[in-house]
Amino acid sequence: MESLDLKHWLISQGAAVAGVAELEELSGYPTLPENLIGGYRRGVSMGIPIPKGALADVHTGPNPLYLHAYETVNRLLDDLAMRTASLLESVGGKALAIPASHTLDRNVHRGSLSHKAVARLAGLGWIGKNILLVNPEYGPRLRFATVLTDLELEPDAPLDRDCGGCTKCTDACPAGAIKGVIAKPYPATREVCLDLAACVAKLAEFKAELGKDICGVCIRVCPFAKV
């Protein structure tokens, strides 16, 4: 299977963006389990945006309509990732679908792997000051899922861009957690760019209200989100 054919198929199936990452650069990144990417050569990244309307009223925190959009997009991505894994296996590859949103370690707030790190390597955007993947067309509105595979797909090249002098997310963060740091190509730790304790505390407040630890404020204010 050719990378271009796979990306065209993903777009036809509902992805807004799709790319292929060379996984060698992720060899030192934390994953759960530790050897998750062992035996896989590529990461297929797919993204679906949260609609602008769902973010329009997210000024100081999330609301039920944003929560519904967030969860719906995650379900669509999980379905697409499973179908992608099946497709790759049907042409002779090994494949593993990684859920869009699945926290495995609540103490360090990590899932199986960083979808953002894979998406960056797949050329789908850069890591913003809010440590979200910022796409040139959708900003940080994209949610991502990843499929790992051993197929030798042609990888895409990362974008050499950053947020420059913009401070929109830093200024708007209700937790005051975003430090305004440009960490290229990827921050060594999240704490380089983010006061994680302050962020988690604010998310806990939102979870008490909505039942889910999400925010969305830094997504809405990003100029690339075009909300």
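The values are calculated or read from the model by the stated rules, or taken from the named source; none is laboratory data. Bear in mind that the values here come from a model prediction, so they are computed numbers and not experimental data. All Cβ positions, glycine included, derive from the backbone under ideal geometry; neighbour counts span all protein chains shown. Remember, those area values only see protein heavy atoms, side chains included, never the ligands or the DNA or RNA. Shrake-Rupley method; radii C 1.70, N 1.55, O 1.52, S 1.80 Å.
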Net charge within 11 Å of W126 by Cβ-Cβ distance, Lys/Arg positive one each and Asp/Glu negative one each, not counting W126 itself?
+3
Suppose every Lys and Arg Cβ carries +1 and every Asp and Glu Cβ carries -1, with no other charges. What dipole size does region 153-226 come out with about its Cα centre, to the nearest 20 debye?
220 debye
How large is ³J(HN,Hα) for each residue in region 84-91, as worked out from phi by the Karplus curve 6.51 cos²θ - 1.76 cosθ + 1.60 (θ = phi - 60°), to whole Hz, x for Gly and Pro?
5, 4, 5, 5, 5, 5, 5, 9
Summing +1 for each Lys or Arg and -1 for each Asp or Glu, what net charge is found among the other residues whose Cβ lies under 14 Å from the Cβ of A95?
+1
Of the accessible area of region 120-227, with the probe set at 1.4 angstrom, what percent is carbon plus sulfur?
53 percent
Placing unit charges on C-beta atoms (Lys and Arg positive, Asp and Glu negative, everything else neutral), compute the dipole magnitude of region 100-153 about its Cα centre in debye, rounded to 20.
340 debye
Apply 1/(1 + (r/R0)^6) to the Cβ-Cβ distance of R190 and D150, taking R0 = 25 Å, and write down the FRET efficiency to the nearest 0.05.
0.30
Rounded to the nearest Å, the spacing of the alpha-carbon centers of region 198-227 and region 20-36 is 27 Å
Jot down the radius of gyration and Dmax of region 3-133, Cα atoms only, both in angstrom.
15.3, 48
Which values, in whole Å and largest first, are the semi-axes of the equivalent ellipsoid of region 2-46 obtained as the square root of 5 times each eigenvalue of the Cα gyration tensor?
25, 11, 8
Just the Kirkwood number for region 86-209, please: inverse of mean 1/r across all distinct Cα pairs, in Å, one decimal.
16.1 Å
FRET efficiency for V181 and I11, using Cβ-Cβ distance with R0 set to 35 Å, rounded to 0.05
0.60
For the charge dipole of the chain, defined by +1 on Lys and Arg C-beta atoms and -1 on Asp and Glu C-beta atoms about the Cα centroid, which residue among S12, G139, G43 has the Cα displaced farthest towards the positive pole?
G139
Debye log10 I(q)/I(0) at q = 0.13, 0.19 Å⁻¹ for region 104-171, Cα point scatterers:
-0.44, -0.84
Please give the FRET efficiency for N35 paired with D57, using the beta carbon to beta carbon distance and R0 = 35 Å, rounded to the nearest 0.05.
0.20
Karplus 3J(HN,Hα) series, Hz, for region 120-125 with 6.51 cos²θ - 1.76 cosθ + 1.60 (x for Gly, Pro):
4, 5, 7, x, 8, x
Are there any chymotrypsin sites (Phe, Trp or Tyr not before Pro) in region 104-168 that are in a DSSP loop and have at most 13 other Cβ atoms within 10 Å? List them by number.
none
Once label points are set 7 Å from the Cα along Cα→Cβ at both K94 and D171, what is their separation, rounded to one decimal in nm?
5.0 nm
For the chain, give the magnitude of the charge dipole about the Cα centre (Cβ charges: +1 Lys/Arg, -1 Asp/Glu; no others), in debye to the nearest 20.
640 debye
Mind listing the long-range amide H neighbours of V17? Cut-off is under 5 Å, sequence gap 5 or more, other chains count too, H placed in the peptide plane at 1.01 Å from N.
G47
Tell me the net charge near P49. Cut-off is 14 Å between Cβ atoms, P49 excluded, with +1 for each Lys or Arg and -1 for each Asp or Glu.
+4
Given 10 Å bins starting at zero, what is the percent of C-alpha pairs of the chain in each, up to the one with the largest pair distance?
8, 34, 38, 17, 2
